[in-house]
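**Student:** Got a structure for you, questions after.
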Amino acid sequence: MSEKRKRSCSFLIRLTQEELDLLDEKVTQSGLPREAYIRAILAESRVYAPPPLEYHELKNELRRIGVNLNRLTMVANATGSIYHKEYKKAYHELLQYLLSIDDKLQSASRPVSK
């Protein structure tokens, strides 16, 4: 074994097929390798499932809306007036995406383990 390896101890554990299936299911949900999942459980850490792929799409859309709001704010500061129609549209878009992101995060952030 390499001298640099920190984890030099190993052990064998026997499980029933049901226990192994449950472990594999939780490992898959967590997105972690089995060893990392077991170490996290031993450290009494909460293990969360990774966010869904659409989370990143929502995040990019939110960024786009933020850029639009920033542009409107810069124009308002420079000219002393605001384009109410554009501002309200961007505001409502932002509100819808925030609600959507909140829903996605709440459904995705359920712990895989206690």
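Every number here is computed from the coordinates shown, using simple stated rules; none is lab data. All values derive from a computational prediction rather than experimental measurement. Cβ coordinates were reconstructed from backbone atoms using ideal geometry, including for glycine residues, and neighbour counts include every protein chain displayed.
**Student:** Would you mind counting up the charge near E86? Only other residues with Cβ under 11 Å from its Cβ, with Lys and Arg at +1 and Asp and Glu at -1.
**Tutor:** Charge balance in the 11 Å sphere: +3.
**Student:** So which GluC sites (Glu not before Pro) in segment 1-55 pass both tests, a DSSP loop state and at most 13 other Cβ atoms within 10 Å of the Cβ?
**Tutor:** E3, E44
**Student:** If one takes the longest principal axis of the Cα atoms in the chain, at what angle in degrees, from 0 to 90 and to the nearest 10, does the Cα axis of helix 84-108 lie?
**Tutor:** 10
**Student:** Would you kindly state how much longer the chain becomes between Y48 and E19 on full extension, computed as 0.36 nm times their sequence separation minus their alpha carbon distance, in nm to one decimal?
**Tutor:** Using 0.36 nm per residue and subtracting the Cα-Cα distance, I get 8.5 nm.
**Student:** For the Cα atoms of the chain, what angle does the longest principal axis make with the long axis of helix 53-79, in degrees from 0 to 90, nearest 10?
**Tutor:** The answer is roughly 30 degrees.
**Student:** Taking Cα atoms of the chain, Rg/Rh with Kirkwood Rh, to two decimals?
**Tutor:** Ratio of gyration radius to Kirkwood radius: 1.27.
**Student:** Any idea what angle helix 17-30 forms with the longest principal axis of the chain, computed on alpha-carbon atoms, 0 to 90 degrees, nearest 10?
**Tutor:** Long axis of 17-30 versus the principal axis of the chain: about 30 degrees.
**Student:** Quick one: how many lysine pairs in the chain have C-alpha atoms under 29 angstrom apart, if they're 8 or more apart or on different chains?
**Tutor:** So the count of such lysine pairs works out to 14.
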